1. If residue 90 passes every condition in (1) out of contact with any helix residue (DSSP H, G or I) (no Cβ under 6 Å at 6 or more places or on another chain); (2) buried (at least 23 other Cβ atoms within 10 Å of the Cβ); (3) aliphatic (A, V, I, L, M) but one, which one does it miss?
2. Being in contact (Cβ under 8 Å) with a residue 40 or more places away in the chain and of a type in the set (Lys, Arg) narrows it down to one of 23, 63, 51, so name that one.
3. Which members of the range 90-120 meet the condition of being farther than 15 Å from residue 21 by Cβ and out of contact with any Pro (no Cβ under 8 Å at 6 or more places or on another chain)?
4. Please work out if residue 223 is under 30 Å from residue 177 (Cβ atoms) and part of a strand (DSSP E or B).
5. Out of 269, 273, report the one residue that is aliphatic (A, V, I, L, M), buried (at least 19 other Cβ atoms within 10 Å of the Cβ), under 23 Å from residue 123 (Cβ atoms) and under 24 Å from the mean Cα position of the chain (by Cα).
6. Among the residues of the range 230-251, are any surrounded by 12 or more Cβ atoms within 10 Å (Cβ to Cβ), of a type in the set (Gly, Ala, Ser) and part of a strand (DSSP E or B)?
7. Looking only at the range 253-288, count how many residues are touching a residue at least 24 places away in the same chain (Cβ under 8 Å) and either closer than 18 Å to residue 174 by Cβ or outside any helix (DSSP H, G or I) (or both).
Amino acid sequence: MAFPTETVYGLGADALSADAVVRVFEVKERPRFDPLIVHVSAPDDVSALWRSIPPLAETLIERFWPGPLTLVLGKDRRVPDIVTAGLPTVAVRMPSHPVALELIGEAKRPIAAPSANRFGRTSPTHHEHVLSDLADLIEVVLAAGATTVGIESTVLSLAESPPRLLRPGGTPLEALREVVPDLEVSAPAGPSGSPGTLPKHYLPRTPLFLLEAGAPKGSGEYLERRRCGLLAFDDAWKAFGRVEILSPRGDLRQAAAEFFAALRRLDAADLAAIVAEPTPEEGLGLAIADRLRRASAGHARLSGEHVWITR
């Protein structure tokens with residue numbers, strides 16, 4: 001079953017049933033080494049998932065749940081290894097979308113749910129995206145229109161000291177640092193307890209290139225601007241085949257909410273390439289920049305009526 005959260009649509013299964021979770025991996029064609037996030041409908045539900053709940057976790061739950069923050073802690077033995085990719089930790093969050101909360105509450109079980117799309121591809125932020133990707137493979141989609149946050153949850157590991165940001169997302173780093181001032185943001189040395197941390201992820205089928213300033217350099221190729229689409233943050237560019245503006249007023253929350261939908265529209269426009277303008281790496285812009293880097297096939301620079309791309 002696919003269902004909406006405030007971040008993206010999820011593909012859900014009973015988190016305490018290995019057989020049910022296997023089906024999620026099969027539908028998404030997801031590798032078993034990539035862990036899932038478990039969703040609960042109330043803070044008390046975490047007692048069935050984590051071995052212990054430290055005071056810092058309680059503080060973060062009180063401040064940020066329900067909402068787009070996932071916490072990683074040592075898992076209870078009841079959580080199947082397939083949910084956690086064999087790791088000793090499990091990632092848990094409480095979404096704020098009313099449909100998600102009602103679904104989990106009615107199920108009376110925690111729900112493991114990655115994004116409801118093919119593995120590694122652009123995340124779904126509308127039920128139509130889910131139907132486009134998975135209509136022939138799943139039986140139920142709870143249709144609720146567009147999601148509001150539009151970027152996956154922030155993932156924070158409390159299983160190490162100091163706590164570590166595993167994935168930027170819908171809860172800004174600045175807000176977390178008000179509670180966790182010593183938060184570590186470098187990548188972990190070993191396997192991550194979070195999804196969405198592979199070097200390549202969120203990929204559109206049309207190759208995407210990150211726009212840089214300056215003249216063309218290095219080995220590459222020219223493409224006509226009219227054959228390229230532009231994913232722009234807050235400015236109306238000219239001479240591209242198609243332009244998607246994330247936020248005309250430069251609002252990072254609006255940009256995050258529009259990001260995946262805009263990327264999907266460009267991907268469907270029969271273009272040779274997509275060029276993405278950088279976003280400010282602050283607030284939700286940090287999460288957008290993270291998705292763009294992982295989705296990127298290389299870099300681009302502008303040269304008159306052409307785009308110079310390097311892979």
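1. Answer for residue 90: the failing condition is (1).
2. Details: 23 fails: in contact (Cβ under 8 Å) with a residue 40 or more places away in the chain; 51 fails: in contact (Cβ under 8 Å) with a residue 40 or more places away in the chain.
Every option except 63 fails the conditions.
3. 98, 102, 103, 105, 106, 108, 118, 120
4. On the way: under 30 Å from residue 177 (Cβ atoms): no; part of a strand (DSSP E or B): yes.
Criteria not met by residue 223.
5. Values: 269 fails: buried (at least 19 other Cβ atoms within 10 Å of the Cβ).
The conditions single out 273.
6. yes
7. So in the range 253-288, the residues touching a residue at least 24 places away in the same chain (Cβ under 8 Å) come out as 253, 255-264, 266-267, 269, 271-280, 282-288.
Still in the running and either closer than 18 Å to residue 174 by Cβ or outside any helix (DSSP H, G or I) (or both): 253, 255-256, 269, 271-280, 282-288.
Final tally of qualifying residues: 21.
Computed from the coordinates by the stated procedures, all read-outs in this text should not be read as laboratory data. Here the structure is a predicted model, which is why all the values come from computation and not from measurement. No Cβ is skipped: glycine too gets one built from the backbone with ideal geometry, and neighbour counts run over all protein chains shown.
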